[in-house]
1. Just checking, how many residues over segment 280-299 are open to solvent by 30 Å² or more (accessible area, probe 1.4 Å) and within 30 Å of Pro229 (Cα to Cα)?
2. Kindly check whether there is at least one residue in segment 281-298 that is of a type in the set (Gly, Ala, Ser) and modelled with pLDDT under 95.
3. Quick one: is Gly84 out of contact with any strand residue (DSSP E or B) (no Cβ under 6 Å at 6 or more places or on another chain) and either at pLDDT 90 or above or under 29 Å from Asn322 (Cβ atoms) (or both)?
4. Test Pro153 against the stated conditions and say whether it is more than 17 Å from Arg205 (Cα to Cα) and touching a Leu at 6+ places or on another chain (Cβ under 6 Å).
5. Which residue, of Glu262, Glu234, is in contact with a Gly (Cβ under 9 Å, 6 or more places away or on another chain), free of Cβ contacts under 8 Å to residues at least 12 places away in the same chain and assigned to a loop (DSSP other than H, G, I, E, B)?
6. For segment 129-148, does any single residue satisfy the condition of being open to solvent by less than 10 Å² (accessible area, probe 1.4 Å), more than 19 Å from the chain's Cα centre (by Cα) and modelled with pLDDT of 95 or more?
7. Return the pairs, sorted by first residue and then second, in which the second residue is outside any loop (DSSP other than H, G, I, E, B) and not aromatic (Phe, Trp, Tyr), the first residue lies in segment 212-228 and is on the phi > 0 side of the Ramachandran plot, the beta carbons are less than 8 Å apart, and the residues are 6+ apart or on different chains.
8. If I ask for residues that are of a type in the set (Ser, Thr, Tyr) and either in contact with a helix residue (DSSP H, G or I) (Cβ under 6 Å, 6 or more places away or on another chain) or modelled with pLDDT under 75 (or both), which ones from segment 314-339 would you list?
Amino acid sequence: MVGRAAAARGVLLVVLALLAVPGYADARPGGKLVPAEGVLLGAYLDRWGSEPYANVTGFETRIGRRLDIDHRFWAWNDGWPFFGAEPYHYERWDVEGGRIPMVSWDYLGAGTLDALLNGSHDHLIRSKARAVAQFGHPLFVRWGYEMNGAWMPWSGYQNGRSAAKFVAAWRRLHDIFVSEGATNAVWVWAPNAQSNPNEPWNDFRNYYPGDEYVDWVGIDGYNFGTSEPWSRWESFAAIVRPVYSAYAGRKPIMLAEVGSSEQGGSKAEWLLAAKSAVENEFPSVAAFVYFNYNHGGYDWELTSSASALQAFRALAADPYFNPTGVPVAPVPAAYPAGVAVRARGARRNEVRRTVLTVGSPMVGWRDRDRRN
């Protein structure tokens, strides 16, 4: 008995020792497109309709490397992944260049969620699923993002103050894709980092469709700084931690939309702190997709200051943010002052929505432009 007890204590000590090893107890969940370690780096880039691909290649030149994920928005009835004729096959171009496409598929203008649930959109959905299956390459699909934000037509706030219709709609959409063989679609469920209105029925957890319906959990989180009367400077870690903590043990985490203002602090320091936090505090984060867009006075673009661009280049050059080993150009010691100058491009098929202000403070966009 004494020998068995000692052996049991020995096993327990070994288990405890393993749990004490950094990263052992916090090993990230696996899944489709999930790197074993490190973080896939991506971005949403404005002006992609004005000249095919120039915004992506130009951005990559500025940050000193190729992106892992190229994020764009498509309207509900747009023709992705085969939009029009060449050279507009954006998703194909991504894959040929070694990037993973991520499509945020808008439901704007498609009616209420009832229209999706009653089968009114089944023909369109099946056609889209077959096109994705024909495409054949893995791509991230992010439908119904920020569903816990009152500003979205598919939100619980605009669908009976309940998450039930959203969950049913997500499952229906997912099941149709599977039935049509579009298993190369990698589903990213992405709530806003903070729910608005901040009421129990609108908690982001209520919108989760279930582990079998979600491949990655995304987080849309922004530091608005002091750009609004209701906003304050917030650290990256504080913004993402609630959603991360709820799902990090179950699914890989994608920072699907992330950005910082320059107002109220240093965007460069915010980015470097985010880099450190991802590496040391959030092991399940497997993708970091920056929202590089000057939108309605919220200047998330990395060219808002030379220091911000320098900080992001340092993040992009870090091996932890480069698990696929993309060649990286040396980080310059400094940037000329002219780096902050921007040229606005033409917009194609702009979708603009005015957002309801619900609760206090307002969390999210007051209005948002999307290029689709």
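1. Residues that pass the stated criteria total 4.
2. Within segment 281-298, one or more residues are of a type in the set (Gly, Ala, Ser) and modelled with pLDDT under 95.
3. no
4. Considered against the rule, which asks whether it is more than 17 Å from Arg205 (Cα to Cα) and touching a Leu at 6+ places or on another chain (Cβ under 6 Å), Pro153 comes out as no.
5. Glu234
6. Yes, because at least one residue in segment 129-148 is open to solvent by less than 10 Å² (accessible area, probe 1.4 Å), more than 19 Å from the chain's Cα centre (by Cα) and modelled with pLDDT of 95 or more.
7. Gly225/Ser260
8. Residues satisfying the conditions are Tyr320, Tyr335.
The values are calculated or read from the model by the stated rules, or taken from the named source; none is laboratory data. None of the values given here were measured: they were computed from a predicted structure. Note: ideal-geometry Cβ built from the backbone for every residue, glycine included; neighbour counts use all protein chains shown. In case anyone asks, the SASA skips ligands and DNA or RNA and just uses the protein heavy atoms, side chains included. Shrake-Rupley method; radii C 1.70, N 1.55, O 1.52, S 1.80 Å.
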